[in-house]
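Chemist: Please read through the structure below; I'll follow up with questions.
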Amino acid sequence: MFVHGRWSGVRLSEFIILFFNKNLIFSMAQFWFAIFNGFSSQTFYDSAYLTVFNAIVTSIAICAFAVSD
């Protein structure tokens with residue numbers, strides 16, 4: 001009876017952890033690139049990559065978790 005709520009909570013907590021880790025790695029790469037470029041406001045990532053990054057990386061992690069569930 002209470003299993004579905006617990007599974008939903010576990011999935012949601014895994015999603016939040018993966019989301020913050022993904023964004024931390026994404027931001028740190030840009031930060032180190034800026035340091036080595038003298039903070040020239042040049043971006044490390046292509047604009048097309050920025051457009052689909054969150055959707056693809058987040059969905060892959062959640063789909064992998066769902067398959068293993």
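The values are calculated or read from the model by the stated rules, or taken from the named source; none is laboratory data. Since the model is a prediction, treat every value here as computed from it, not as a measurement. Virtual Cβ from ideal backbone geometry, glycine too; neighbours counted across all protein chains shown.
Residues are listed down the side, and each one gets a yes or a no for (1) in contact with a Gly (Cβ under 7 Å, 6 or more places away or on another chain); (2) surrounded by 11 or more Cβ atoms within 10 Å (Cβ to Cβ); (3) not aliphatic (A, V, I, L, M):
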position	(1), (2), (3)
Gly9	no, no, yes
Ile16	no, no, no
Asn23	no, yes, yes
Ser27	no, no, yes
Asn37	no, yes, yes
Tyr49	no, yes, yes
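Chemist: Return the residues of the stretch 33-69 that are assigned to a loop (DSSP other than H, G, I, E, B) and without any contact (Cβ under 8 Å) to a residue 60 or more places away in the chain; say none if nothing qualifies.
Modeler: Scanning the stretch 33-69 gives Asn37, Gly38, Phe39, Ser40, Ser41, Gln42, Thr43, Phe44, Tyr45, Asp46.
Chemist: Between a first residue in the stretch 16-30 that is within 14 Å of Ile60 (Cα to Cα) and at pLDDT below 85 and a second residue that is surrounded by 12 or more Cβ atoms within 10 Å (Cβ to Cβ) and of a type in the set (Ser, Thr, Tyr), which pairs have beta carbons less than 9 Å apart while being 6 or more apart in sequence or on different chains?
Modeler: That search, which allows pairs on different chains as well, returns Leu18/Thr58; Phe19/Thr58; Lys22/Thr58.
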